[in-house]
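> Below is one structure. I have some questions about it.
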Amino acid sequence: MSDWEAKITTFLCNWCSYGAADLAGVSRFQYPPNFRIIRVPCSARVSPKFVLAAFRHGADGVWVSG
Amino acid sequence: MLRYTEKIQETAKRLLQEKRVDAFIGYGKGSVPMMNQPLMVSDPDRVDRLYWDNFCGLNLCNYLTKRTDKVGIVANGCNSRNIVTHIIENQIKRDQLYIVGIPCEGMIDHRAVMRAVKQKEILDIQQNGKTFVVKGADFEETFEKEKFLQSNCAVCIHRNPVIYDELLGDLVEEQTGVSPYQDVEKVEAMDPEKKQGFFTRLISRCIRCYACRNACPLCYCPTCFVDESRPQWVGKSSDPTDTLTFHFLRAYHCAGRCTDCGACERVCPMGISMRQFTKKLNKDCQELFSWEAGLTLDQRPPLDVYRPDDYNDFIK
Amino acid sequence: MKGLLEHVGVEPGRLHFSWISSAEATKFVDVANTVAKEVKALGPARYFIKKRAEVA
Amino acid sequence: MTERVYTKEEWIRGLEGLREDYTLFVPVKDGDFHAFMPMNGEKVPDFDFQNTRLSPKSVIYPRSERLFEYILGNADPEANILKESSKDFSPRAIVGIRPCDAQAFQIVRRNFDNPEYRDPWWVRHFESTTLVGLGCNEPCSTCFCTAVGGGPFHEDGLDALVFDLGERYLIKGLTDKGEAFLAKMNGGKPADEAVLKAAEDLTASASQKITSSPPTDPLKGKKINDLFNAPFWEEVAFGCLNCGTCTYLCPTCWCFDVQDEVLGKEGDRIRNWDSCMFPLFTLHGSGHNPRDKKVQRVRQRFMHKLKYYVDKYDNGVQCSGCGRCVRYCPVNIDIRDVCERMNNY
Amino acid sequence: MENPYLPYPVRIDKITVETEDRNLKTFHFVFLNPEDEAKFAYTPGQFAELSIAGKGEIPIGIASSPTEKGFVAFTVNKVGLVSSYLHNMKEGDVMGIRGPLGNWYPWHEMEGKNVVIVGGGFAFTTLRSSIIYMIHPENRPRFKDITVVYGARTPGMLLYKDELAAWEQRDDIHMHITVDGTNDPDWKYNIGFVPTITEQKITSADNAIAIVCGPPIMIRFTQPVLEKLGFPPERIILSLEMRMKCGIGMCGRCNIGDKYVCKDGPVFSLAQLKEMPPEY
């Protein structure tokens, strides 16, 4: 299992966390590479269907951030 | 409970004659024991078909959605709570309704009765207050009603209608000391793997007939998520993951709205106890928001509103 | 949502929510680290994944 | 015609011995009710049942069935071309099927196996299956097989028929398939006169017990459009929830849906049961839906069973009288009552 | 056992955008296995299931004529999951077609008669097939006068514009092309709804059969016009649409009364339809 890397589907709010992620990138902060980021217009756009869809497609984790 | 039949008929007749309502929705006696038929009467001379007994477990609110006429409806505790939910969610207007309240003493679980007579064929049932007599071709047995209540009725603490224009009979004493969430707690105590096994087994029989969804008064969306094709959220075969997704999302759509009326379980042809999903959400709503659905017209359900003091421990 | 998912047997550490303002790059990195760590600790997901339909 | 008598123990042993030659589907107690399941040594067959909740149609016509498979993409020359999924068509037998459910296969067969087209999966599954029926000593109050051309010991559609004579079983071979099944089965001894007489008496007394039987002959003479426009449909349909219980439990409902499911680069074309009760069933791509309202769908179901089928095949109604829909309809819509209304209209 | 659900593999050979809104495209398919072409022997009026692996199948009328060899053509409107996907496919892509399915226009009855074709919008596909079929030198003598009324909302929404123009030049077919309205000052054909034009241009129902294909609203208004002209119901032929899955009368959804649109139809005479419940 050593070469296994978690896939984490990540829903980020365009105005908040996406900005933070962007800033983190610009500032050259290091963070783990496991995230598959989906930008949403608002974290309230994320419906339970999305979260389930992520798990159904084999995501190991889901992170919703506003 | 049988005593209500006559009163319902009288009331319906009066309402229809006085033209207070265009139609009256209640139950009719079914053609097989333990099955009753939802019925709508608009002719005052035909009210004799209305009926009430211990097997009126199907929720009549299904028949109110988007009606435009004035209707009378019989409502026990859970029916009335669903009427409230319907009004809050703008599926019908309060002034269209004439609610005939019935204090409920719980409905009998037909499956439990069948189990008790070892699945032998039941030809007739006589209901006498606290007991009932089951007759078959070669047996006759008397049972105590108390022990045969639908599992949601056994733990019900809202037997009296919460909203009505007229009440038939006296309010009944509400049950106290019941612990409604015992089974949920049992599951909560399991580790994830056990839980997975529990729910996989629970729904393994599901044939995806959607009786639970259609019997649920909350499920009135014009297009259900399972029917959407672009994107398709859930496959339509009897695949276990798809079935689990269906049950999960169906339950989730009822979060904070479910009144635990038990219609879903009652109608399931395969006897699946899908309240295991909704009850968890009811418990969460109770614990996090002190909310039970359908008790008041003045407040919106918790997932509908934002309050600064909402529980948010789960957010980092 | 999280409650029911856990209830049906998805491990608690698989679903995370957070609030991060667009200025909080450091918080983003912190949370990202925690989330990744927790999910990694749980190992690969096996439950709720749509596989080839189990049909006749 | 072989007629053999088995003690009940011998019978179960005999079935055990057949497991090499057949995949046997037997009634098994599953929770509150019975279901046909493969006999695999773990499950104990239980022949003391009224009828299974789900009809055995799923043995021949599964709830979901993979038809084709394919790979997607451009690299492979075989990509995007459908290939038939491999299937097991080795001999099967449904042991303990009720005569009504066996007759239902004959009804459905007119749809799946007709002069123009043959459904390859249904036909092959059906042809590889031996139907060993179990007569009904005690029909239910909701049974009305005698009204639709069947009966508790009706032999049409069965390959062999079993009579439960209390201590013993009498089994009669009815077709070549049934005889082959019996020939492979160990145990038993030839039936004597007394046993045959007992079976005859049982048949007569069981038919007497079926009390509800709306006649279905008058349906033929009616005009489709008259019945279609009859005023009673609104009333019949009021309570209907538009769930699929009746159609999924029904042994004679055959409608299906075809869906493609893709995972990565591989896909399946899957056939699922569908139900005329669902609005999606007839929804056009344009958004138009010819059966948009509940009452239209309820009418479709009953008209199909009791009128369209009658006119199309001139071979009775599309109903085997098993009574499942009567018992398990959550809102108690009773096909017998609808049939009466249609008769009298 | 022959499997009626198994599509013949085909390659998309040519894609033509037909209308100005780009929602209608004509696809020419070539069979990957040449022997399949012989098996796919069809008659104008029939349809086929276009099958895309991973998406599903859609029933579409065949727009080419059996007199055109080497390909089959379909004109597809972009509405649902499958048709939208098809619209994004490219020439050279591989998919499947299954058929031919359903019945056809009553060519035998039409022999020796005048033929009136009334079409509207994108339902003109099987009518194109019919016209090509009838004006083929081998078949033309079998029919007497051929009159076509074809309308669309605007000039840009007409299908097969080049062919329409070519037919207009011929003297063995009377074309009446019309649009609901247009700003184009150079528009040289009719303006007006199909039923109106039909009423103006068709003068006699003597020894004539009418084939009508179009949106429901057009059919509803054309029907009385034809009846007034003296067409008896058995000589008004319509082609219906329904949601289908199997196309071979098994899946049970496309029935109207005891008839399946996929197997007993899609072509019905008005006389037949009057005997059927109005559920379409």
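The values are calculated or read from the model by the stated rules, or taken from the named source; none is laboratory data. Small disclaimer: the values here were computed from a predicted structure and weren't measured. All Cβ positions, glycine included, derive from the backbone under ideal geometry; neighbour counts span all protein chains shown.
> Can you find even one residue in the range A:24-47 that is crowded, with 21+ Cβ neighbours inside 10 Å, among the aromatic types (Phe, Trp, Tyr) and not in a strand (DSSP E or B)?
Scanning the range A:24-47, I find no residue that is crowded, with 21+ Cβ neighbours inside 10 Å, among the aromatic types (Phe, Trp, Tyr) and not in a strand (DSSP E or B), so the answer is no.
> I've got another one for you. Here are the criteria: (1) part of a helix (DSSP H, G or I); (2) within 9 Å of chain C (Cβ to nearest Cβ); (3) among the aliphatic types (A, V, I, L, M); (4) closer than 28 Å to C:Gly43 by Cβ. Tell me which single one A:Ala54 does not satisfy.
Here A:Ala54 clears every test but (2).
> (1) part of a loop (DSSP other than H, G, I, E, B); (2) of a type in the set (Phe, Trp, Tyr); (3) within 11 Å of another protein chain (Cβ to nearest Cβ); (4) in contact with a Leu (Cβ under 8 Å, 6 or more places away or on another chain): which one isn't true of D:Phe49, the others all being true?
(4)
> So B:Gln91 fits all but one of (1) out of contact with any Pro (no Cβ under 7 Å at 6 or more places or on another chain); (2) crowded, with 19+ Cβ neighbours inside 10 Å; what number is the exception?
Just one mismatch for B:Gln91, condition (2).
> Here is a check on your reading of the model: is D:Val5 surrounded by 22 or more Cβ atoms within 10 Å (Cβ to Cβ) and out of contact with any Ser or Thr (no Cβ under 9 Å at 6 or more places or on another chain)?
Values: surrounded by 22 or more Cβ atoms within 10 Å (Cβ to Cβ): yes; out of contact with any Ser or Thr (no Cβ under 9 Å at 6 or more places or on another chain): yes.
The answer is yes for D:Val5.
> Same structure again: Please find, among B:Leu167, B:Leu218, the residue that is among the aliphatic types (A, V, I, L, M), more than 8 Å from every other protein chain (Cβ to nearest Cβ) and touching a Cys at 6+ places or on another chain (Cβ under 6 Å).
Values: B:Leu167 fails: touching a Cys at 6+ places or on another chain (Cβ under 6 Å).
One residue alone meets the criteria, B:Leu218.
> Okay, next question. Are any of the residues in the range E:253-274 within 27 Å of E:Gly80 (Cβ to Cβ) and hydroxyl-bearing (Ser, Thr, Tyr)? Don't jump to the end; show me each part of the working.
Taking the range E:253-274 first, the residues within 27 Å of E:Gly80 (Cβ to Cβ) are E:253-257, E:259-268, E:273.
Subset that is hydroxyl-bearing (Ser, Thr, Tyr): E:260.
The answer is yes, given that some residue of the range E:253-274 is within 27 Å of E:Gly80 (Cβ to Cβ) and hydroxyl-bearing (Ser, Thr, Tyr).
> Those residues that are within 14 Å of chain E (Cβ to nearest Cβ) and hydrophobic (A, V, I, L, M, F, W, C), I need them from the range D:81-97; list them, please. Can you show your working first?
Let us first name the residues in the range D:81-97 that are within 14 Å of chain E (Cβ to nearest Cβ), namely D:81-87, D:89.
Selection gives D:Ile81, D:Leu82, D:Phe89.
> Quick check: is even one residue across the range D:282-299 within 14 Å of chain B (Cβ to nearest Cβ), under 30 Å from E:Val76 (Cβ atoms) and in contact with a strand residue (DSSP E or B) (Cβ under 7 Å, 6 or more places away or on another chain)?
no
> Tell me which residues, restricted to the range D:8-35, are buried (at least 20 other Cβ atoms within 10 Å of the Cβ) and part of a loop (DSSP other than H, G, I, E, B).
Answer for the range D:8-35, where residues must be buried (at least 20 other Cβ atoms within 10 Å of the Cβ) and part of a loop (DSSP other than H, G, I, E, B): just D:Tyr22.
> Looking only at the range C:13-36, count how many residues are outside any strand (DSSP E or B), over 12 Å from A:Asp60 (Cα atoms) and not polar (S, T, N, Q). Before you say what the answer is, go through the steps one by one.
Just the residues of the range C:13-36 that are outside any strand (DSSP E or B), to begin with: C:13-14, C:19-36.
The next check asks that each one be over 12 Å from A:Asp60 (Cα atoms); those that pass are C:19-34.
When the remaining residues are screened for being not polar (S, T, N, Q), the result is C:19-20, C:23-25, C:27-32.
Number of matching residues: 11.
> If I filter the range D:300-345 down to residues being in a helix (DSSP H, G or I) and of a type in the set (Phe, Trp, Tyr), which single residue comes out as farthest from the other protein chains (Cβ to nearest Cβ)? Steps first, answer last, please.
Going residue by residue through the range D:300-345, those that are in a helix (DSSP H, G or I) are D:300-313, D:324-328, D:335-344.
Narrowing further to those that are of a type in the set (Phe, Trp, Tyr): D:302, D:308-309, D:313, D:328.
Values: D:Phe302: 13, D:Tyr308: 4, D:Tyr309: 8, D:Tyr313: 9, D:Tyr328: 5 Å.
Only one residue fits best here, namely D:Phe302.
> Which one of the conditions (1) under 24 Å from E:Ile15 (Cβ atoms); (2) touching a Ser or Thr at 6+ places or on another chain (Cβ under 7 Å); (3) not hydrophobic (A, V, I, L, M, F, W, C) does E:His174 fail to meet, given that it meets all the rest?
In the conditions (1) under 24 Å from E:Ile15 (Cβ atoms); (2) touching a Ser or Thr at 6+ places or on another chain (Cβ under 7 Å); (3) not hydrophobic (A, V, I, L, M, F, W, C), E:His174 misses (1) alone.
> If you scan the range E:136-164, which residues turn out to be farther than 14 Å from E:Thr19 by Cα and either aromatic (Phe, Trp, Tyr) or buried (at least 18 other Cβ atoms within 10 Å of the Cβ) (or both)?
Those that are farther than 14 Å from E:Thr19 by Cα and either aromatic (Phe, Trp, Tyr) or buried (at least 18 other Cβ atoms within 10 Å of the Cβ) (or both): E:Phe143, E:Ile146, E:Thr147, E:Val148, E:Val149, E:Tyr150.
> Check the range B:243-254 and report whether any residue there is buried (at least 20 other Cβ atoms within 10 Å of the Cβ), without any contact (Cβ under 8 Å) to a residue 24 or more places away in the chain, within 30 Å of D:Ser64 (Cα to Cα) and within 14 Å of chain D (Cβ to nearest Cβ).
yes
> Scan the range E:140-165 for residues that are of a type in the set (Lys, Arg) and not in a loop (DSSP other than H, G, I, E, B) and report the count.
Keep residues of the range E:140-165 that are of a type in the set (Lys, Arg), which gives E:140, E:142, E:144, E:153, E:161.
From what's left, not in a loop (DSSP other than H, G, I, E, B): E:140, E:142, E:161.
Count: 3.
> Something else: For the range E:1-115, please list each of the strands (runs of 3 or more DSSP E) lying entirely inside it that holds at least 2 residues being without any contact (Cβ under 8 Å) to a residue 40 or more places away in the chain. Give the steps one after another, and end with the answer.
Working: elements: E:8-17, E:24-31, E:47-52, E:56-61, E:72-77, E:94-101.
Qualifying strands (runs of 3 or more DSSP E): E:8-17, E:56-61.
> Please verify whether the range E:260-272 includes one or more residues that are of a type outside the set (Phe, Trp, Tyr), farther than 30 Å from D:Arg63 by Cβ, touching a residue at least 40 places away in the same chain (Cβ under 8 Å) and in a helix (DSSP H, G or I).
There is at least one residue in the range E:260-272 that is of a type outside the set (Phe, Trp, Tyr), farther than 30 Å from D:Arg63 by Cβ, touching a residue at least 40 places away in the same chain (Cβ under 8 Å) and in a helix (DSSP H, G or I).
> Okay, next question. Test B:Ile88 against the stated conditions and say whether it is over 16 Å from B:Asp260 (Cβ atoms) and touching a His at 6+ places or on another chain (Cβ under 9 Å). I'd like the intermediate steps shown before the answer.
Numbers: over 16 Å from B:Asp260 (Cβ atoms): yes; touching a His at 6+ places or on another chain (Cβ under 9 Å): no.
Considered against the rule, which asks whether it is over 16 Å from B:Asp260 (Cβ atoms) and touching a His at 6+ places or on another chain (Cβ under 9 Å), B:Ile88 comes out as no.
> Here is a further query. Could you run through the range E:146-193 and say how many residues are of a type in the set (S, T, N, Q) and in contact with a His (Cβ under 7 Å, 6 or more places away or on another chain)?
Here is the first cut: in the range E:146-193, the ones of a type in the set (S, T, N, Q) are E:147, E:154, E:169, E:178, E:182-183, E:190.
From the residues that got through so far, the ones that are in contact with a His (Cβ under 7 Å, 6 or more places away or on another chain) too are E:147, E:190.
Counting residues in the range E:146-193 that are of a type in the set (S, T, N, Q) and in contact with a His (Cβ under 7 Å, 6 or more places away or on another chain) gives 2.
> Given the options B:Lys147, B:Lys120, B:Lys194, name the one that is farther than 25 Å from D:His34 by Cα and not hydroxyl-bearing (Ser, Thr, Tyr).
B:Lys194
> Continuing with this model, one more query. Being assigned to a loop (DSSP other than H, G, I, E, B) and under 26 Å from D:Pro91 (Cβ atoms) is the filter here, so list the residues in the range D:105-133 that pass it.
At the first step, the residues of the range D:105-133 found to be assigned to a loop (DSSP other than H, G, I, E, B) are D:114-117, D:119, D:128.
The answer is D:Asn114, D:Tyr117, D:Asp119, D:Ser128.
> Let me ask something else. Can you name the number of the only condition in (1) closer than 23 Å to B:Gly77 by Cα; (2) in contact with a Phe, Trp or Tyr (Cβ under 9 Å, 6 or more places away or on another chain); (3) modelled with pLDDT of 90 or more that B:Leu16 fails?
(1)
> Can you pull out every residue in the range B:181-221 that is part of a helix (DSSP H, G or I) and within 21 Å of D:Leu241 (Cα to Cα)?
As a first pass, look at the range B:181-221 and keep what is part of a helix (DSSP H, G or I): B:182-188, B:192-202, B:211-215.
If the condition is that a residue be part of a helix (DSSP H, G or I) and within 21 Å of D:Leu241 (Cα to Cα), then B:Ala211, B:Cys212, B:Arg213, B:Asn214, B:Ala215 are the ones that fit.
> How do the strands (runs of 3 or more DSSP E) wholly within the range B:35-145 filter down when requiring 2 or more residues that are under 15 Å from the mean Cα position of the chain (by Cα) and assigned by TED's automatic domain parsing to the domain that holds B:Cys156: which remain? Give the derivation first.
On the way: elements: B:36-41, B:71-75, B:97-101, B:124-128, B:131-135, B:140-144.
Strands (runs of 3 or more DSSP E) meeting the threshold: B:36-41, B:71-75.
> Under 30 Å from B:Val71 (Cα atoms), of a type outside the set (Val, Ile, Thr) and modelled with pLDDT under 90: is that true of B:Glu146 in this structure? Steps first, please.
On the way: under 30 Å from B:Val71 (Cα atoms): no; of a type outside the set (Val, Ile, Thr): yes; modelled with pLDDT under 90: yes.
Spelling it out, it is not the case that B:Glu146 is under 30 Å from B:Val71 (Cα atoms), of a type outside the set (Val, Ile, Thr) and modelled with pLDDT under 90.
> Could you pull out every one of the helices (runs of 4 or more DSSP H) wholly within the range D:134-221 that has 2 or more residues that are out of contact with any strand residue (DSSP E or B) (no Cβ under 6 Å at 6 or more places or on another chain) and within 14 Å of another protein chain (Cβ to nearest Cβ)?
Where helices (runs of 4 or more DSSP H) fall fully within the range D:134-221 and carry at least 2 residues being out of contact with any strand residue (DSSP E or B) (no Cβ under 6 Å at 6 or more places or on another chain) and within 14 Å of another protein chain (Cβ to nearest Cβ), they are D:193-209, D:218-221.
> Next question. Which residue, of D:Leu202, D:Leu227, D:Leu196, is among the aliphatic types (A, V, I, L, M), crowded, with 16+ Cβ neighbours inside 10 Å and assigned by TED's automatic domain parsing to the domain that holds D:Leu54?
Values: D:Leu227 fails: assigned by TED's automatic domain parsing to the domain that holds D:Leu54; D:Leu196 fails: crowded, with 16+ Cβ neighbours inside 10 Å.
It is D:Leu202.
> If you don't mind, another one. In the range D:236-251, what residues are in a helix (DSSP H, G or I) and in contact with a Leu (Cβ under 9 Å, 6 or more places away or on another chain)?
Of the residues in the range D:236-251, the ones in a helix (DSSP H, G or I) are D:236-237, D:245-249.
Across the range D:236-251, the qualifying residues are D:Tyr248, D:Leu249.
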